[in-house]
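Below is one structure, written out as structure tokens; comments come after it.
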Amino acid sequence: MRKIALCLALFLSACGSSEVDDASDIIKQTLKKPKSFALKTGEVIWQGKLAGQQNAFIVKIKYTAMNGLDETIDECKYVAFYTKDGSNHWQENGGLENCIAAGGKEEENALVMLRKINSFK
């Protein structure tokens with residue numbers, strides 16, 4: 001019985017959001033030291049479609065990493081991307097934006113702008 005419970009716990013812990021993993025991978029592509037990336041939190045805050053019916057997402061990622069000067073940075077980014085033919089696509093201009101610290105209405109407005117910039121429905 002203990003083995004079943006342990007296997008179940010391991011399985012469930014491995015079931016993270018693939019969108020959070022995908023957004024984390026996009027951020028890593030922009031870092032000077034991608035191996036230093038450490039995810040703190042991640043959540044899908046919007047999902048929809050493009051005109052061509054591709055799945056689109058905006059994911060909020062909080063993380064730490066090392067910059068080029070070996071200093072730890074503590075960041076939060078909105079990552080906007082879509083999937084097509086099994087791979088992720090994002091724009092360098094508008095795909096990654098700094099989080100809005102104020103939250104609430106300001107964050108809602110930022111998401112509306114991100115959806116417009118990226119042509120998400």
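The values are calculated or read from the model by the stated rules, or taken from the named source; none is laboratory data. Worth saying up front: this structure is predicted, and the values here are computed from it rather than measured. Every residue, glycine among them, receives a Cβ derived from its backbone with ideal geometry; neighbour counts consider all protein chains shown. The accessibility values were calculated without ligands, DNA or RNA, using every heavy atom of the protein model including side chains. Shrake-Rupley method; radii C 1.70, N 1.55, O 1.52, S 1.80 Å.
Restricting to lysines 8 or more places apart or on different chains, can you count the pairs in region 24-121 with Cα atoms under 12 Å from each other? If you can, show how the numbers build up before the last one.
Values: Lys28/Lys77; Lys40/Lys60; Lys40/Lys62; Lys40/Lys77; Lys49/Lys84; Lys49/Lys121; Lys60/Lys77; Lys62/Lys77.
Number of lysine pairs found: 8.
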Please list Met66, Met113 in order of solvent-accessible area, largest first, computed with a 1.4 Å probe with all protein chains present. Met113, Met66
The answer for Cys99, listing residues at least 5 apart or on another chain whose modeled amide H is closer than 5 Å to its amide H, is Cys76, Lys77, Tyr78
With springs connecting C-alpha atoms under 10 Å apart, model the chain as a Gaussian network and identify which of Ile100, Ile73, Ile27 has the largest mean-square fluctuation. Ile73
Enumerate by residue number the GluC sites (Glu not before Pro) in region 28-121 meeting two conditions: DSSP loop (anything except H, G, I, E, B), and at most 12 other Cβ atoms within 10 Å of the site's Cβ. Glu71, Glu92
Determine ³J(HN,Hα), in whole Hz, for all residues of region 101-110 in sequence, where each value follows from phi through the Karplus function 6.51 cos²θ - 1.76 cosθ + 1.60 and θ = phi - 60°; x replaces Gly and Pro. 5, 5, x, x, 5, 4, 5, 4, 5, 4
At what distance in angstrom do the alpha carbon centres of region 84-111 and region 34-58 lie from each other? 8 Å
Per-residue ellipticity at 222 nm attributable to helices in the chain (runs of n ≥ 4 DSSP H, -39500 (n - 2.57) apiece, nearest 500 deg cm²/dmol) works out to -10500 deg cm²/dmol
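From the square roots a ≥ b ≥ c of the eigenvalues of the alpha-carbon gyration tensor of region 43-121, which class results: rounded (a/c under 1.5), prolate (a/b over b/c), or oblate? Don't jump to the answer; show the numbers that get you there.
On the way: a/c = 2.46, a/b = 1.44, b/c = 1.71.
Oblate, since a/c reaches 1.5 and b/c is not below a/b.
Which length gain, in nm to one decimal place, applies between Glu43 and Leu69 when the Cα-Cα distance is subtracted from 0.36 nm times their residue separation? Can you show the working numbers first?
Working: separation 26, 0.36 × 26 = 9.36 nm, distance 2.89 nm.
Computed gain between Glu43 and Leu69 is 6.5 nm.
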With a 1.4 Å probe and every protein chain kept in, tell me what percent of the accessible surface of the chain is carbon plus sulfur. 53 percent
The chain, relative contact order [Cα under 8 Å, separation at least 6], %: 20 percent
Give the accessible surface of the chain per residue, rounded to a whole number of Å², with probe radius 1.4 Å and ligands, DNA and RNA excluded. 66 Å²
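In debye to the nearest 20, how big a dipole does the chain give about its Cα centre with +1 on each Lys and Arg Cβ and -1 on each Asp and Glu Cβ?
On the way: 16 positive and 15 negative charges, 71 e Å.
The dipole of the chain has a size of about 340 debye.
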